[in-house]
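J.: I'd like to ask some things about the structure below.
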Amino acid sequence: MATYEPKNILITGAAGFIASHVANRLVRKYPHYKIVVLDKLDYCSSLKNLNPSRPSPNFKFVKGDIASADLVNYLLITESIDTIMHFAAQTHVDNSFGNSFEFTKNNIYGTHVLLEACKVTGQIRRFIHVSTDEVYGETDEDAVVGNHEASQLLPTNPYSATKAGAEMLVMAYGRSYGLPVITTRGNNVYGPNQFPEKLIPKFILLAMRGLPLPIHGDGSNVRSYLYCEDVAEAFEVVLHKGEVGHVYNIGTVKERRVIDVAKDICKLFGLDTEKVIRFVENRPFNDQRYFLDDQKLKRLGWAERTPWEEGLKKTIEWYTTNPDYWGDVTGALLPHPRMLMTPGVDERHNWTEEIKSLSSGVEASTTAPATSTQSTADALQKPPYKFLIYGRTGWIGGLLGKICDKQGIPYEYGKGRLEERSQLLEDIRNVKPTHVFNAAGVTGRPNVDWCETHKQDTIRTNVVGTLNLADVCREQGLLMINYATGCIFEYDAKHPEGSGIGFKEEDTPNFTGSFYSKTKAMVSSLLFFLLSIDFLLLLQCFIKPDNFCALWLHIAWRLISVMLIMVQVEELLRDYDNVCTLRVRMPISSDLSNPRNFITKIARYDKVVNIPNSMTILDELLPISIEMAKRDCRGIWNFTNPGVVSHNEILEMYKKYINPEFKWTNFTLEEQAKVIVAPRSNNELDASKLKAEFPELLSIKDSLIKYVFEPNRRVPAN
């Protein structure tokens, strides 16, 4: 791998927290590099952050705004800049809810000015754009593998939306003008010099002052934290070894709940958490979890070095030694900080008294706000039902919560990992549910092709996790509604396409074309699997590196072939008389903006196959699944609308109701196989059992019209 050697580097926002550590590191380690820093010295930055570098002959500071095109062009030319490391941004989520236009101006427009200057001067050899893990949006609570660099961007707050927008500009300039761009997306960073509007320095300063530590919501939100010097080293690696056009996650797999961060700080200060921690109103939206796959950067040679305990102690030592470093920051220590040191903020406000007010009143309650949706009327008597739902950030899990809200059913989302028995037991003890719903599972990002390269993670969740939850629920005497897949069959001689003969619940699965379907249809012999992996790892010690990849793939294929004959998940679940398994197929909802919606998917393809399939209309069937829980339904159910519908029939409806100009073409299964990694299941499921239980259930075509196309109609009816 070729190593890139810059000469003259422009670092934007380097008087801020992360960039100052990067700048100081580069100035110190590479005296032959010229480091030019551009920073407008906003409220959260300080020249003191750059004190270690200021005496150095290879360092230069320029005060200015990246939104000034003239200044940026002047610097690029006069300083012969060949490399830009773009850190400058507004980054505090709370502020973005109150003053989002500042975020658009700084994060999007400022980035655009830099990119245009690079295009005009034509001298930039590297443009490293610093983004955030928040552009991915929430990670599923039960996800065992984090978002990788090709994951979809789904920002959920104004801050992350502007960072995602800036990324799109960076990517566009890379493709349109050949700009040599690299993007990084990082987890939370902590350490010395950080402005105390962020969680860790805020809690440290509050603890030092003997004031309450305010926690948004119930403190269950999960974050990953990296020490600042480790992150500075990561940028050093990306600068020298990063490949143009690529994205690199800078992350850690070590996660902590916000409540646990507060407890760790209290412990180091010798404080009683029951007296110090205060639960306050949550943000307008607070992502439950961010989780990154950091393997790509590790392959360049980077690794996290600083353990959490060590980094936290270093940080506390720095703040206790420099208590007045940032001056009067009492306004930043509020539960929801104001935009300090910017126009329009009343600096005469008594922030300290507002913080102290947390010690009394409703906001200062030591009991976390309730997370269930129990209404005032329900509180007068114990409700007949309370649901525990797994898969909060998943599509079906999220819709279940909305249905419970609408029906007034109390519910909570599970916080434990499905493969961790102790965590599941803790959830049940805390929630005391009457029913458990399992809508968690690995389905692929963005589709089942992902599962082909993440087999162990797919097994861990879809197989081990499901069986673990079923066993825990049986032990606790609870009914579990398990959302499974109907993509475990394919048309055969006994069930030919177009015959109207569907697969029944008791039929043996016959489709193993995708690894996702395999894990949903089978449980592998875990001992055999582990021994096989162990055997592969042992071989690695004896095989030459250049031959190992081919050997690994060969043995992995043999392993998968053996797994085809292993026991099915559904077969094992049959032994659990407390489980109701619902086979969902090609789910569709009225939300045509959802990328997981089958209609949304095929409407974005240029070519589609045209095969009739059974499908699940979630708007009609998810409420039925709740009714099935109330009726104590058990066993396996084909959870689809009766009948089949083809791709062409759906797109004809799309054209009739949504877009008369819509066009598409068909291709064969053989042609499709050339552009997908995993084969797709095509089948008809016999829904007569479900229809007998719920006679009002509509056929697939009638349900599509009633629940999907009529509510979204854009073409006037004749």
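The values are calculated or read from the model by the stated rules, or taken from the named source; none is laboratory data. Predicted model, so just to flag it, every value in this text is computed and none were measured. Here Cβ is always computed from backbone atoms with ideal geometry, including for glycine, and neighbour counts include all displayed protein chains. Note: areas computed on protein heavy atoms with side chains; ligands, DNA, RNA excluded. Shrake-Rupley method; radii C 1.70, N 1.55, O 1.52, S 1.80 Å.
J.: Return yes or no: is D293 open to solvent by 40 Å² or more (accessible area, probe 1.4 Å), of a type in the set (D, E) and either within 30 Å of Y413 (Cα to Cα) or within 24 Å of the chain's Cα centre (by Cα) (or both)?
T.: Answer is no for this residue.
J.: Could I ask something else about it? Give the stretch 53-94 a look and list any residue that's among the aromatic types (F, W, Y), open to solvent by less than 40 Å² (accessible area, probe 1.4 Å) and part of a strand (DSSP E or B), or say none.
T.: Going residue by residue through the stretch 53-94, those that are among the aromatic types (F, W, Y) are 59, 61, 74, 87.
Retained after the next criterion (residues that are open to solvent by less than 40 Å² (accessible area, probe 1.4 Å)): 59, 87.
Listed by number, the list holds a single entry, F59.
J.: Now for a separate question. Quick check on this structure: which one of L50, L26, L41 is at positive phi and out of contact with any His (no Cβ under 8 Å at 6 or more places or on another chain)? Show your work before the answer.
T.: Working: L50 fails: at positive phi; L26 fails: at positive phi.
Within the list L50, L26, L41, the selection yields L41.
J.: Kindly evaluate N682 against the criterion of being free of Cβ contacts under 8 Å to residues at least 24 places away in the same chain and more than 30 Å from D577 (Cβ to Cβ).
T.: Values: free of Cβ contacts under 8 Å to residues at least 24 places away in the same chain: no; more than 30 Å from D577 (Cβ to Cβ): yes.
No; evaluated as a whole, the condition is false for this residue.
J.: Still on this model: Please go through the stretch 635-662 and give me each residue that is polar (S, T, N, Q) and in contact with a helix residue (DSSP H, G or I) (Cβ under 6 Å, 6 or more places away or on another chain), ordered by number.
T.: Initially, the stretch 635-662 is screened for residues polar (S, T, N, Q), giving 638, 640-641, 646, 648, 659.
Across the stretch 635-662, the qualifying residue is only N641.
J.: Does V22 satisfy being within 25 Å of R185 (Cα to Cα), part of a strand (DSSP E or B) and touching a residue at least 40 places away in the same chain (Cβ under 8 Å)? Step through it out loud before you land on a result.
T.: On the way: within 25 Å of R185 (Cα to Cα): yes; part of a strand (DSSP E or B): no; touching a residue at least 40 places away in the same chain (Cβ under 8 Å): yes.
It is false that V22 is within 25 Å of R185 (Cα to Cα), part of a strand (DSSP E or B) and touching a residue at least 40 places away in the same chain (Cβ under 8 Å).
J.: Quick one: in the stretch 21-52, which of the residues that are over 19 Å from L75 (Cα atoms) and of a type in the set (S, T, Y) is most open to solvent (accessible area, probe 1.4 Å)?
T.: For the stretch 21-52, the residue satisfying everything is Y30.
J.: Output the residues belonging to the stretch 692-706 that are open to solvent by 30 Å² or more (accessible area, probe 1.4 Å), under 15 Å from I588 (Cβ atoms) and not acidic (D, E). Walk me through how you get there before you give the answer.
T.: Of the stretch 692-706, the ones open to solvent by 30 Å² or more (accessible area, probe 1.4 Å) are 692-693, 695-696, 698-699, 701-702, 705-706.
Checking which are under 15 Å from I588 (Cβ atoms) leaves us with 698-699, 701-702, 705-706.
Scanning the stretch 692-706 gives L698, S699, K701, I705, K706.
J.: Of the residues I215, I259, which is outside any helix (DSSP H, G or I), touching a strand residue (DSSP E or B) at 6+ places or on another chain (Cβ under 9 Å) and at pLDDT below 95? If you could, list the steps in order and put the result at the bottom.
T.: On the way: I259 fails: outside any helix (DSSP H, G or I).
Exactly one residue qualifies, and that residue is I215.
J.: Taking the residues in the stretch 611-653 that are basic (K, R) and touching a strand residue (DSSP E or B) at 6+ places or on another chain (Cβ under 9 Å) as candidates, determine which candidate is least open to solvent (accessible area, probe 1.4 Å). Full working, then the answer.
T.: Going through the stretch 611-653, the residues basic (K, R) turn out to be 630-631, 634.
Now drop any that are not touching a strand residue (DSSP E or B) at 6+ places or on another chain (Cβ under 9 Å), which leaves 630, 634.
On the way: K630: 70, R634: 97 Å².
Ranking the candidates gives K630 first.
J.: Another one. Go through (1) in a helix (DSSP H, G or I); (2) at pLDDT 95 or above; (3) aliphatic (A, V, I, L, M) and name the single condition M615 misses.
T.: (1)
J.: Tally the residues that are over 17 Å from L47 (Cβ atoms), part of a loop (DSSP other than H, G, I, E, B) and touching a residue at least 24 places away in the same chain (Cβ under 8 Å), restricting the search to the stretch 1-19.
T.: Total satisfying the criteria: 6.
J.: Right, another one. Of the numbered conditions (1) more than 28 Å from D492 (Cβ to Cβ); (2) open to solvent by 70 Å² or more (accessible area, probe 1.4 Å); (3) in contact (Cβ under 8 Å) with a residue 24 or more places away in the chain, F709 satisfies every one except a single condition; which is it?
T.: Status for F709: all satisfied but (2).
J.: Specify which of the listed residues (G251, G270) is among the small types (G, A, S) and buried (at least 21 other Cβ atoms within 10 Å of the Cβ). I'd like the intermediate steps shown before the answer.
T.: Values: G270 fails: buried (at least 21 other Cβ atoms within 10 Å of the Cβ).
Testing whether each residue is among the small types (G, A, S) and buried (at least 21 other Cβ atoms within 10 Å of the Cβ) leaves just G251.
J.: With the requirement that a residue be in contact with a Leu (Cβ under 8 Å, 6 or more places away or on another chain), β-branched (V, I, T) and either surrounded by fewer than 16 Cβ atoms within 10 Å (Cβ to Cβ) or modelled with pLDDT of 95 or more (or both), what does the stretch 469-507 give you?
T.: I481
J.: State yes or no: is L697 hydrophobic (A, V, I, L, M, F, W, C), closer than 27 Å to G397 by Cβ, assigned to a loop (DSSP other than H, G, I, E, B) and in contact (Cβ under 8 Å) with a residue 24 or more places away in the chain? Don't jump to the end; show me each part of the working.
T.: Details: hydrophobic (A, V, I, L, M, F, W, C): yes; closer than 27 Å to G397 by Cβ: yes; assigned to a loop (DSSP other than H, G, I, E, B): yes; in contact (Cβ under 8 Å) with a residue 24 or more places away in the chain: yes.
It is true that L697 is hydrophobic (A, V, I, L, M, F, W, C), closer than 27 Å to G397 by Cβ, assigned to a loop (DSSP other than H, G, I, E, B) and in contact (Cβ under 8 Å) with a residue 24 or more places away in the chain.
J.: Filter the stretch 190-220 down to residues that are within 24 Å of the chain's Cα centre (by Cα) and open to solvent by 20 Å² or more (accessible area, probe 1.4 Å) and give me whichever is nearest to K267 (Cα to Cα).
T.: To start, the set of residues in the stretch 190-220 that are within 24 Å of the chain's Cα centre (by Cα) comprises 190, 197-200, 215-220.
Those left that are additionally open to solvent by 20 Å² or more (accessible area, probe 1.4 Å): 198-199, 216, 218.
On the way: K198: 19, L199: 16, H216: 20, D218: 19 Å.
Across the stretch 190-220, the extreme among qualifying residues is L199.
J.: Could you go through the stretch 220-230 and let me know if any residue there is assigned to a helix (DSSP H, G or I) and in contact with a strand residue (DSSP E or B) (Cβ under 8 Å, 6 or more places away or on another chain).
T.: Yes; the residues of the stretch 220-230 include at least one that is assigned to a helix (DSSP H, G or I) and in contact with a strand residue (DSSP E or B) (Cβ under 8 Å, 6 or more places away or on another chain).
J.: I need every pair where a residue in the stretch 499-521 that is among the polar types (S, T, N, Q) and in a loop (DSSP other than H, G, I, E, B) has its Cβ under 8 Å from the Cβ of a residue that is open to solvent by 50 Å² or more (accessible area, probe 1.4 Å) and modelled with pLDDT of 50 or more, sequence separation at least 6 or different chains.
T.: Here the result reads N510/E490; N510/D492; S514/P679; S514/R680, each pair linking the stretch 499-521 to a residue that is open to solvent by 50 Å² or more (accessible area, probe 1.4 Å) and modelled with pLDDT of 50 or more.
J.: Is there a residue in the stretch 441-461 that is at pLDDT 85 or above, in contact with a helix residue (DSSP H, G or I) (Cβ under 6 Å, 6 or more places away or on another chain), of a type outside the set (S, T, Y) and not in a helix (DSSP H, G or I)? Spell out how you get there, then give the answer.
T.: Of the residues in the stretch 441-461, the ones at pLDDT 85 or above are none.
No, the conditions are met nowhere in the stretch 441-461.
J.: Further question on the same structure: Give the stretch 643-670 a look and list any residue that's in a helix (DSSP H, G or I) and more than 16 Å from T600 (Cβ to Cβ), or say none. Please lay out each step first, then the result.
T.: In the first step, residues of the stretch 643-670 are kept if they are in a helix (DSSP H, G or I); the result is 647-657, 669-670.
Residues satisfying the conditions are N648, E649, E652, K656, L669, E670.
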